[in-house]
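Written out below as structure tokens is the structure these notes cover.
The values are calculated or read from the model by the stated rules, or taken from the named source; none is laboratory data. Remember, it's a predicted structure, so these values are computed and weren't measured experimentally. We place every Cβ from the backbone using ideal geometry, glycine too, and count neighbours over all the protein chains shown.
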Amino acid sequence: MNSIFSIHTIRFVALVFVQVLIFNHINFLGYINPYIYILFIALFPVSNNRVILIMLSFLLGITIDMFLDTGGIHAGASVFIAYIRPIVLKSSFGMIYEHQTMKFNAVDFGSKLTYFTLLTVLHHIVLFSLEIFSISKILLILQKTLFSSIFTILLSVVITIIFSRKSK
């Protein structure tokens, strides 16, 4: 239990620092800005308490908001995907999730890609809707969501491949 806590603490701190120091300075063409910190929410163990995940997601989002001075939009988007995560897990992994036997390193690539895609797109839609907050700018919201989601999904897949433990 102690090593699990320390792994998640290290993952939390590392993702916040990488997001703040590196990825927040990427703003390609005004639309592409990866938000890699959502990997913490995506990779949080399935068997843990959902309330803990929602509280940690709020803490993660508000930490990013403090560094970016964005007034709570990251916290709102993070809490939203933490809340909706069980539905996304069930739709992505099916019966493996139902029986609480899922390990992210053991699932097939297609299911993992579907899971990352759904979580990322949902996060980005909420994030950019809160940022722009105008129904007349729906095309801008969708454009920013599409381009940032593609880049975030690619980076998430690469990072999980690089840092995944090989099970033998």
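Count of region 29-65 residues, restricted to those that are without any contact (Cβ under 8 Å) to a residue 12 or more places away in the chain and either acidic (Asp, Glu) or under 15 Å from THR152 (Cβ atoms) (or both), is 1. For region 112-165, residues that are basic (Lys, Arg) and free of Cβ contacts under 8 Å to residues at least 24 places away in the same chain total 1.
For ALA75, the conditions (1) farther than 23 Å from PHE163 by Cβ; (2) surrounded by fewer than 20 Cβ atoms within 10 Å (Cβ to Cβ); (3) in contact (Cβ under 8 Å) with a residue 12 or more places away in the chain are fulfilled apart from (2).
Just one residue in the set SER129, SER148 is of a type in the set (S, T, N, Q), closer than 17 Å to ALA77 by Cβ, in contact with a strand residue (DSSP E or B) (Cβ under 9 Å, 6 or more places away or on another chain) and in a helix (DSSP H, G or I); that residue is SER148.
Is there a residue being farther than 20 Å from ILE153 by Cα, in a helix (DSSP H, G or I) and modelled with pLDDT of 90 or more anywhere in region 104-120? Looking for residues that are farther than 20 Å from ILE153 by Cα, in a helix (DSSP H, G or I) and modelled with pLDDT of 90 or more, one finds none in region 104-120, hence no.
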